[in-house]
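I have placed the structure first, in the form of structure tokens, so that the comments after it can refer back to it.
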Amino acid sequence: MGSSTRVLVAMSGGVDSSLAAAMLKQQGHDVVGVTLHLWDAEGEDKVGRCCAPEDRDDARRTCELLGVPHYVIDERQAFRSQVVDPFIAQNLAGQTPIPCVACNQHVKLTRLWQLAQSFGATALATGHYARIVPTADGSVDLLRGVDPGKDQSYFLYGVPQAVLRNLLLPLGELHKHDARLLAKEFGLPNWSKPDSQELCFVPDGDVRGFLRRHAPAAGAPGDIIDETGTVLGQHQGVEGFTVGQRRGIGIPGPTPRYVLRVIHDSRQVVVGSAKALARAALEAQSVVWTSSRPERGFTGQVRIRSHHTAAEAWVTPTEAGFSAEFVTPQIAVAPGQAAVVYTGERVIGGGFIV
């Protein structure tokens, strides 16, 4: 890529996207910074990392330091309809959604690539810790980032190939610690800013509180039962419960109990032992294959949540998506979460666990 290339950089106000802009500027690219206004904070105590005015200010300050233009684009309507509303609906249905995947797929990267072209840019860049590698057939492979503790390829599996082919990920070869030191060397104003740990639109981590503010149907009571159907107690809404959860169930006993299933129709939460959490297989739908759909079954590694160590499995493409049969049963396979398939470092595709 030549030094005259115009690159649109997605800037959240965090250190990673700021460093991506600085690295590309240093390499001689014509950098344009864009921040998406996705959500309005719900009061000073509920300000989210990608959504707060100070984050937009941090992105602007970085662009001023680098001497590059910065634009804020209002995408609140798309974020609400494509990310927040489905998040609410899935929670009310007793599932465990992963809105960051939907955001990257439908709002952030797809929309940003459209914006990049309108700005005359020929590439889009983000601060994700993952890698893009060209293949012989003209497509690209999505690979894990080199830092296993920070790898974000799991969240990018749904990004269309047309966007991946034009995506730059400058931080993919870095470890987080080195990235922060490099940001300090660049003199970036947010080099020491903490990473976000919660959903940007639920920054206090109180999913149930958020749902009760935004969904009148939230909070319908029901029974907490064991695997035999014995009622152990009551809950105040299936939303917010997730398969594998131990804390916050509210049922004391001599041994820990975990959420095994959430039954939406009867508003029941089924709890049991850790051993009962193990699942030998899963089914995934709404699947996106990174390049082409595999023609037959294959051995891969399947990651069932963002901090899960991908587990060896036999993956079979199906009419609805794919099935995965694990060599070793996996704990807490939660409907609504993403199941992402790898072969080694390469992302093959992914979908939502049903």
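Quick one: would you say Phe210 is touching an Asp or Glu at 6+ places or on another chain (Cβ under 9 Å) and modelled with pLDDT of 85 or more? Spelling it out, Phe210 is indeed touching an Asp or Glu at 6+ places or on another chain (Cβ under 9 Å) and modelled with pLDDT of 85 or more. When we screen Asp226, Asp178, Asp195 for residues that are among the acidic types (Asp, Glu) and within 20 Å of the chain's Cα centre (by Cα), the only hit is Asp195.
Note on the stretch 248-300: among residues that are of a type in the set (Phe, Trp, Tyr) and either farther than 20 Å from Gly94 by Cβ or part of a loop (DSSP other than H, G, I, E, B) (or both), the one that is farthest from the chain's Cα centre (by Cα) is Phe298.
Using the structure shown, decide if Ala284 is over 18 Å from Leu232 (Cα atoms) and free of Cβ contacts under 8 Å to residues at least 60 places away in the same chain. The answer is no for Ala284.
Do you know which residues across the stretch 21-55 are modelled with pLDDT under 90 and either charged (D, E, K, R) or at positive phi (or both)? Within the stretch 21-55, Asp40, Glu42, Gly43, Glu44, Asp45, Lys46, Arg49, Glu54, Asp55 meet the criteria.
Per-residue answers, yes or no, for (1) touching a residue at least 12 places away in the same chain (Cβ under 8 Å); (2) among the β-branched types (Val, Ile, Thr); (3) part of a helix (DSSP H, G or I):
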residue: Arg56; (1), (2), (3): yes, no, yes
residue: Ala59; (1), (2), (3): yes, no, yes
residue: Glu64; (1), (2), (3): no, no, yes
residue: Ile88; (1), (2), (3): yes, yes, yes
residue: Gln105; (1), (2), (3): yes, no, yes
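Among residues of the stretch 113-133 that are of a type in the set (Val, Ile, Thr), those with a beta-carbon under 7 Å from a residue that is part of a strand (DSSP E or B) at least six positions away or on a different chain give the pairs Thr122/Arg6; Thr126/Ala10; Ile132/Val140; Ile132/Leu142; Ile132/Leu167; Val133/Val140; Val133/Asp141; Val133/Leu143. Only one of the listed residues (Arg346, Arg303) is under 24 Å from Arg131 (Cβ atoms), more than 15 Å from the chain's Cα centre (by Cα), in contact (Cβ under 8 Å) with a residue 40 or more places away in the chain and outside the structural domain of Ser139 (by TED's automatic domain parsing). That residue is Arg346.
The values are calculated or read from the model by the stated rules, or taken from the named source; none is laboratory data. This structure is a prediction, so every number in the text was calculated from the model and none was measured. With ideal geometry, Cβ positions are generated from the backbone for all residues, glycine too; neighbour counts draw on all protein chains shown.
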